[in-house]
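S.K.: This is the structure I want to talk about, given as structure tokens.
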Amino acid sequence: MESTVGLRVLGIDPGLTRCGLSIVQAGKGRTVIPVAVGVARTPYKSSMGDRLKELYEAITDWIAEYKPDVVAMERLFERGEVSTVLHTAHAVGVLILAASQANLDVHEYTPSQVKKAITGNGRADKKQMTAMVTRILGLENPPKPADAADALAIAITHCWRAPQILREEKAKEQLRKMGIDPDRAAGPKGMNTTYHPRVVPTPQVTGESLRDLGGAQSWVRR
């Protein structure tokens, strides 16, 4: 079995007004260690440029401080108000840019994929999701606000999916060495055309503290 123990994931619930951020670390089996969670906020009345700049600075600060190995993000959907979707799309672009500049792969998951992974039900509600995230991470209290809980759920989903992704990537590499196009060999859908993991084990963390991050919680482990 491929091991991703120590993999540190930056989970993102993208948004311009509120962007949920989380850091978790993969343990043995399905164990996931919470490292930090928070929400990056941008002033609603500020210009688009200023808001995107603040969001960019927030994500680059998190990357610099927590040194994740990979980024997991909720996939953007076209549903909802046009203005909200456009604002979120701008935010997603900035977030992907920041990750790319740090040489981090970005993996996207739909809400139903995350719900299915966390609760076993692709239509689970917010209350069920928060309860399961709290249980999986062994937290004393549910993470707040909802954006922070969603970011944790996305990160957990990637921790659990990472071993399979790594196996698929190694299988693709073997086919390439044989001169075979892995996507063509796997049929129209390919083996996995979305995810490109960058798995780098990180040192075991010790100690913890709790601090405020814009109204959210953060477990900071050194």
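Just so it is clear, none of the values below were taken in a lab; they were calculated from the coordinates. None of these values were measured; they are calculated from a predicted model. Reconstructed Cβ throughout: ideal geometry from the backbone, glycine too, with neighbour counts over all protein chains shown.
S.K.: What does DSSP give for region 1-120 in terms of the percent of beta bridges that are antiparallel, rounded to the nearest 5? Walk me through the intermediate numbers first.
M.R.: Details: 15 of 23 bridges.
Percent antiparallel among DSSP bridges in region 1-120 is about 65.
S.K.: Provide the convex hull volume over Cα atoms per residue for region 1-85, in Å³. The partial results should precede the final answer.
M.R.: Numbers: hull volume 9.3 nm³, N = 85.
Residue-normalised Cα hull volume stands at 109 Å³.
S.K.: Test of the criteria: in region 88-146, which trypsin sites (Lys or Arg not before Pro) are in a DSSP loop and have at most 12 other Cβ atoms within 10 angstrom of their Cβ?
M.R.: Within region 88-146, the qualifying trypsin sites (Lys or Arg not before Pro) (loop, at most 12 other Cβ atoms within 10 Å) are Arg123.
S.K.: Going through region 39-110, which GluC sites (Glu not before Pro) have at most 12 other Cβ atoms within 10 Å and a DSSP loop state? Show your work: numbers first, answer last.
M.R.: Values: sites: Glu54, Glu57, Glu65, Glu74, Glu78, Glu81, Glu108; in loops: Glu78, Glu81.
The qualifying sites are Glu78, Glu81.
S.K.: Show me the trypsin sites (Lys or Arg not before Pro) within region 36-67 that DSSP assigns to loop and that have at most 15 other Cβ atoms within 10 Å of their Cβ.
M.R.: Hits after loop and neighbour filter: Lys45.
S.K.: What's the magnitude of the charge dipole for region 62-148 around its Cα centre, counting Lys and Arg as +1 and Asp and Glu as -1 at the beta-carbon? Answer in Debye, nearest 20. Can you show the working numbers first?
M.R.: Values: 10 positive and 10 negative charges, 84 e Å.
Result for region 62-148 is approximately 400 debye, rounded to the nearest 20.
S.K.: To continue, here is another question. Give the value in nm², to one decimal: projected area of the alpha carbon convex hull of region 7-156, averaged over all directions.
M.R.: On the way: hull surface 34.3 nm².
Spelled out: convex hull of the Cα atoms, projected over all directions, averaged, 8.6 nm².
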